[in-house]
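The values are calculated or read from the model by the stated rules, or taken from the named source; none is laboratory data. Note that the structure is predicted; figures quoted are calculated from it, not measured. Don't worry about glycine lacking a Cβ; one is built from the backbone with ideal geometry, like all the others, and counts go over all protein chains shown. SASA here: full protein model, heavy atoms, side chains in, ligands and nucleic acids out. Shrake-Rupley method; radii C 1.70, N 1.55, O 1.52, S 1.80 Å.
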Amino acid sequence: METKAIFAERFKSARLMNGFSLQDLADALGGTLSRQALHRYEKGEVIPDAEKINMLSKALNISPDYFFRTTKVEFSDIEYRKLSRMPQKDVAIINETTKEYLSRYLELEEIIGLPHSFDNPLKDFGKVTTYEQVNNAAELLRKEWSLGTGPIFNIVELLEDKNIKVVKLNVDEDFDGLQTFVNGHIPVVAYNERKANKPDRIRFTLLHELAHLLLVLGDVTEKQKETLCHQFAGAMLLPEETIKAELGNHRTKLSTLELGNIKKQYGISMQAIVMRAKVCGIINDNYTKQFFFLIRQQNWKVDEPVEYQGIEESNRFEQLLFRALIEDQISMSKAASLSNQSLAEFKKQHQPMF
C-alpha cells in the first residue's frame with residue numbers, strides 16, 4: 001500500500017476513534033485546517049506536512065507515527081454484547097480504539113519476532129446447546145490449560161499467556177464486551193471497564209466472551225446463547241466438584257457469610273455463586289428466587305456486601321516493550337510511540353528504570 005493510502009486509512013481510523021466528524025475535527029483544530037482540507041487527507045489525495053501532522057496528532061490524541069503504521073489489523077466477524085442500542089458513531093469508536101491498541105501490540109510482537117499461534121482446545125468439542133455440555137467444555141478447558149479445580153487468580157494474565165489479546169475499553173455503558181479474531185487467527189476479547197469496574201465482574205465478563213470465542217453454539221435463541229455463556233463463565237470460575245465441596249450436594253438455604261468467603265477465594269460474585277448452585281442442583285428454584293429477592297431488598301445487585309480483592313491485569317505488553325528497548329530492538333522514541341505517549345511523557349514515567 002502506498003504512503004498516501006496508508007495515511008488516509010490511518011487518518012480516518014483516528015478520526016472515528018475520537019468520535020469526530022470531519023467538521024468536528026476542523027473545530028477541534030480551531031479552524032487552522034478546513035473541513036475540505038481534512039477531506040482531501042482522508043481521500044488520500046494529499047499528505048500534510050510535519051507541522052500539520054503534529055497538530056492532527058495532538059487533536060486526535062495519538063503519536064505522529066501512528067499515521068504511517070503499516071501493521072495490518074483486520075477483524076473477522078465481531079460479536080458484541082448489548083450493542084443494538086448504541087449509535088453507529090459509538091460502535092466505530094469501539095472498533096477503532098480496539099484496532100489502535102492491537103496495531104501497537106502486534107507491531108511490538110513483530111519487532112521482537114514472536115509468533116501469533118493460538119490453539120483452541122475446544123475446537124473438536126462439537127455444538128453446544130445444553131448446560132451439561134457447557135459444564136463438560138469448562139472442565140475440558142481447565143484440564144487442557146492445567147488449571148486444576150482451584151481458584152484462577154488472574155483471568156486477564158491467563159488469557160494473555162494463552163495468546164488471547166485482552167483489550168480494556170472505556171466507552172458507552174450500553175457496551176459490555178466483544179470477541180473476534182484479528183487477521184483471521186489472533187483471538188481478541190474486550191471488556192468495558194465502565195461496566196466491569198470490579199475484579200469479579202471483569203473475570204466473569206472475560207470468561208463469558210471466551211465462551212463465545214471458543215464454543216460452537218448450536219441452534220438456540222440469542223437469549224439461550226447468553227445463558228450458556230454465563231454458565232460457562234460460572235463453570236470456569238467455580239467447577240461443579242469445587243462448589244459441591246464448598247457447599248455440599250444439597251442445601252435448603254445459604255448464608256451470605258459463606259457466599260462472601262467463596263467470593264473472596266474464587267473471584268466470583270455472590271449472585272453468580274447462587275446461580276451456579278442452582279444449575280448444579282444444590283439449591284432449588286424457589287430458594288434461588290428468595291435469594292434474589294433479598295439481593296434487591298438490600299440493594300446488593302451492584303454493590304455486594306463482600307468485595308473480591310484480586311487484581312485483574314496483565315503487564316505483558318509493557319514487559320515486551322521494555323525487553324525490546326533494553327535489547328536495542330527499538331529506540332526510546334519508538335517505545336514512546338508504541339505506548340501512545342510523547343517522548344517527554346515516556347521519559348518522565350520510565351527514565352529511572354533505564
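Structural remarks
- A 1.4 Å probe over all protein chains sorts 250, 212, 116, 230 by accessible area into 250, 230, 116, 212, starting with the largest.
- Burial order of peptide ranges 20-33, 334-347 (average beta-carbon count within 10 Å, highest first): 334-347, 20-33
- Heavy atoms of the protein chains alone define the surface here; on that basis the chain has 49 Å² accessible area per residue at 1.4 Å probe size.
- With K and R counted +1 and D and E -1, the other residues having a Cβ less than 15 Å from that of residue 336 yield a net charge of +2.
- Cβ-Cβ FRET estimate between residue 348 and residue 123, R0 fixed at 41 Å, reported to 0.05: 0.35
- Shape parameters for segment 130-254, alpha-carbon atoms, Rg then Dmax in Å: 15.0, 51
- In a reduced charge model with +1 at each Lys and Arg Cβ and -1 at each Asp and Glu Cβ, the chain shows a dipole moment near 680 debye about its Cα centre.
- Label point 7 Å beyond Cα of residue 292 along Cβ direction - residues of segment 185-225 with amide nitrogen under 14 Å: 224
- Rounded tilt (10° steps) of 199-214 against the dominant C-alpha axis of the chain: 80 degrees
- Semi-axis lengths, Å, the chain, gyration tensor of Cα atoms, sqrt of 5 times eigenvalues: 43, 22, 20
- Note on segment 239-354: with neighbouring protein chains present and a 1.4 Å probe, carbon and sulfur make up 49 percent of its accessible heavy-atom surface.
- The distance separating the Cα centre of segment 218-284 from that of segment 1-55 comes to 50 Å.
- Taking 186, 111, 243 as the candidate residues, the one with maximal mean-square fluctuation in a Gaussian network model of the chain, Cα springs under 10 Å, is 111.
- Share antiparallel - DSSP beta bridges, the chain, percent rounded to 5: 55 percent
- If you take all other residues with their beta carbon under 13 Å from the beta carbon of residue 261, and give Lys and Arg +1 and Asp and Glu -1, the sum is -2.
- Solvent exposure ordering (accessible area, 1.4 Å, most first) of 11, 118: 118, 11
- The chain, helix-only ellipticity at 222 nm - DSSP H runs n ≥ 4, -39,500 (n - 2.57), divided by all residues, nearest 500: -16500 deg cm²/dmol
- The distance linking segment 78-138 with segment 144-162 is 17 Å (Cα centroid to Cα centroid, whole angstrom).
- Note on segment 258-354: Cα-only Rg and Dmax are 23.1, 64 Å.
- Based on the Kirkwood approach, the hydrodynamic radius assigned to segment 1-70 is 11.7 Å, with every pair of different Cα atoms included.
- Prolate/oblate/rounded call for segment 36-154, Cα gyration tensor, a/c under 1.5 rounded: prolate
- Segment 1-70, accessible surface, carbon-and-sulfur percent (1.4 angstrom probe): 48 percent
- Degrees between helix 285-297 axis and first principal axis of the chain (Cα, 0 to 90, nearest 10): 50 degrees
- Around residue 40: net Lys/Arg minus Asp/Glu count, Cβ-Cβ under 12 Å: +2
- The distance between label points at residue 185 and residue 35 comes to 4.5 nm (points 7 Å beyond Cα on the Cα→Cβ vector).
- 30 Å Cα-Cα threshold exceeded, pairs from 72/198; 253/301; 72/127; 12/223; 225/264; 143/165: 72/198; 72/127; 12/223
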